[in-house]
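Reviewing the structure listed below.
Just so it is clear, none of the values below were taken in a lab; they were calculated from the coordinates. A quick note: this is a predicted structure, and the numbers were derived from the prediction, not measured. Methodologically, a virtual Cβ is constructed for each residue, glycine included, from the backbone with ideal geometry; neighbour enumeration extends over all protein chains shown.
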Amino acid sequence: MTPPTSQLRPDLAAIAAHVAPGSRVLDIGCGDGALMAELEAVSGCDARGMELDGALVERCVSRGLSVVQGDANLDLANYPDKAFDYAILSQTLQTATRPDLILDELLRVGRRAFVSFPNFAHWRTRAALMFGGRMPVTRALPVSWYETENIHHVTVEDFRELARMKGATIERAWFFANEKQIGAPAANWRAEFAVFELSR
């Protein structure tokens, strides 16, 4: 397997730092496999991936990563209960057809789950709507509304409420702005994106 060659995004770095060495991991929406490669090379994890984009699957496989092409909205049902120590969904929740059902599946197939997402309540997003009257294009949301894959606009507080409704325990959370970690106070308007570790 090709070792990781670039630094991870801040949300992926937070996840990688908190996955126990030697764990069995499923990375859903794994993209180019950067997190998987890091977990295998640095932490000795048994990392598996699922990705919808065929070109990204091919790139992962060419790097020696164990990735299958699949749609998380449908294909997580094929995995047995608690098959993994961790199920990871990074920057993908907001693109899911039913984020609530995806969260159920994450907590079913993994003993713990990591979820990261862009926070649509960030002050820049609010300001763009209030003063510009248009859907924002920001660092965290870099494409226009008609190009975006984001179909559910989730905020930090929305996610906390979803976790509560699903009976999930929030074990830890991290918040980021300007590519740097920030504190939890007022994260709903200060954070560009968030990472939550959950269990049930």
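Computed quantities for the displayed model
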{"quantity": "Per-residue HN-Hα couplings for the stretch 25-31 [Karplus 6.51, -1.76, 1.60; θ = phi - 60°; Hz; x = Gly/Pro]", "calculated": "10, 10, 9, 8, x, 6, x"}
{"quantity": "Per-residue ³J(HN,Hα) for the stretch 59-72, Karplus 6.51 cos²θ - 1.76 cosθ + 1.60, θ = phi - 60°, Hz, x for Gly and Pro", "calculated": "5, 4, 4, 5, 8, x, 8, 8, 10, 10, 7, x, 10, 4"}
{"quantity": "Tilt relative to the chain, helix 156-165 - C-alpha long axis, 0 to 90 degrees, to 10", "calculated": "60"}
{"quantity": "The stretch 7-72 versus the stretch 155-187: alpha-carbon centroid distance in Å", "calculated": "22"}
{"quantity": "Asp75 paired with Asp53, simple spin-label distance in nm, labels 7 Å along Cα-to-beta-carbon", "calculated": "1.5"}
{"quantity": "Neighbourhood net charge (10 Å Cβ-Cβ; Lys/Arg +1, Asp/Glu -1) for Asp46", "calculated": "0"}
{"quantity": "Integer Hz, Karplus 6.51/-1.76/1.60 couplings in order for the stretch 177-185, x for Gly and Pro", "calculated": "8, 6, 6, 10, 6, 10, x, 6, x"}
{"quantity": "Under-5 Å amide H pairs with Glu192, H placed in peptide plane, nonlocal only", "calculated": "Phe176, Ala177, Asn178"}
{"quantity": "Helix 99-109 vs. the chain, principal-axis angle (Cα, 0 to 90°, nearest 10)", "calculated": "30"}
{"quantity": "(1) 44, 22, 15; (2) 27, 19, 17; (3) 24, 18, 17, with the label sought being that of the calculated semi-axes √(5λ) of the Cα gyration tensor in Å", "calculated": "(2)"}
{"quantity": "Point-charge dipole on Cβ atoms (K/R +1, D/E -1) for the chain, about Cα centre, debye to 20", "calculated": "600"}
{"quantity": "Arg24 long-range amide H proximity, modeled H, under 5 Å", "calculated": "Asp46, Asp85, Tyr86"}
{"quantity": "Size of electric dipole in the stretch 19-79: Cβ of Lys, Arg +1 and of Asp, Glu -1, about Cα centre, debye, nearest 20", "calculated": "160"}
{"quantity": "Loop GluC sites (Glu not before Pro), the stretch 7-52, which have at most 16 other Cβ atoms in a 10 Å radius of their Cβ (DSSP)", "calculated": "none"}
{"quantity": "Helix axis angle, 34-43 relative to the chain longest principal axis, alpha carbon, degrees", "calculated": "50"}
